[in-house]
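Notes follow the structure.
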Ligand code: ADP
């Protein structure tokens, strides 16, 4: 087990002397809160906003929790936080001597999001890049996550300053890249992919969201955004496709009502197996 509470905490830590830094290439990672251990950190990224990155983060987290793992979600999408709302969590996060206490969902998944520290959830976050990035870092260093098997990170969208800082600050064990058919797949997805590869972060696979709509009468799959180009990208890059999620109005309803934990759908079974194997392979 790689205990991320250890390593990178010693001052003077270097790439050679600290196992936690091995993947960072140049930068020592930020230390995880000293009273916490996280076995695996999985980032969920997208080339741009609105493709369903938070949706996939939440779905993966619920699936892993259903498999019996201890799971937390770090909502690093500071300017577009949607995780607490999906789970119907409105209580603010409280502080203690040891750090910030994450909020719990109904089924005891741990959450941290900027919306849990803002006075009102509709207050806009008008912060400069360095403040955004340091807030995300604090969610790693100052939150009392306790002992988790998986921490899923809903990453800031795109390939700009904030996602870059997160990649350099938090030791990710793998990322899932979320895309949608209307996304300019080959270009935007490849940007996200190349960024991860340049940072030496393992890319577990692609998930295509809003892939199709299923006719409620005949069950036929309708590809309203046209034929997906993701297969070509997958073939060209060797990165597997871990799942395709249709536009599912039943789940949208659960999202809007803050009852995301109740969804029943098997769109991401393969992705859940891949993430489970990372832990098992140790
Ligand atoms: P992102 O995190 O990439 O900005 P979100 O996950 O917040 O995107 O999704 C944007 C909106 O689309 C949300 O309202 C979400 O509930 C909805 N949505 C995402 N994926 C689906 C889907 N497969 N079916 C129905 N609604 C979806």
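No value in this document is a laboratory result; all are computed from the given coordinates. As the structure is a prediction and not an experimental result, all values here were calculated from the model.
Evaluate the relative contact order of the stretch 167-221 (contact order divided by residue number), counting alpha-carbon pairs under 8 angstrom at least 6 apart; express in whole percent.
Here the relative contact order equals 43 percent.
Taking the alpha-carbon centroid of each part, what is the distance from the stretch 160-183 to the stretch 118-150 in angstrom?
With the stretch 160-183 and the stretch 118-150 each reduced to a Cα centre, they are spaced 16 Å.
From Cα pairs below 8 angstrom and at least 6 apart in sequence, can you work out the relative contact order of the stretch 59-204, rounded to a whole percent?
26 percent
Taking the Cα centroid of the stretch 241-282 and of the stretch 62-98, what is the distance between the two, rounded to the nearest whole Å?
16 Å
Relative contact order, percent, of the chain when contacts are C-alpha pairs under 8 Å separated by at least 6 residues?
This gives 23 percent for the chain.
If you take all C-alpha pairs in the chain, what percent of them are over 30 Å apart?
Result for the distance tail: 26 percent.
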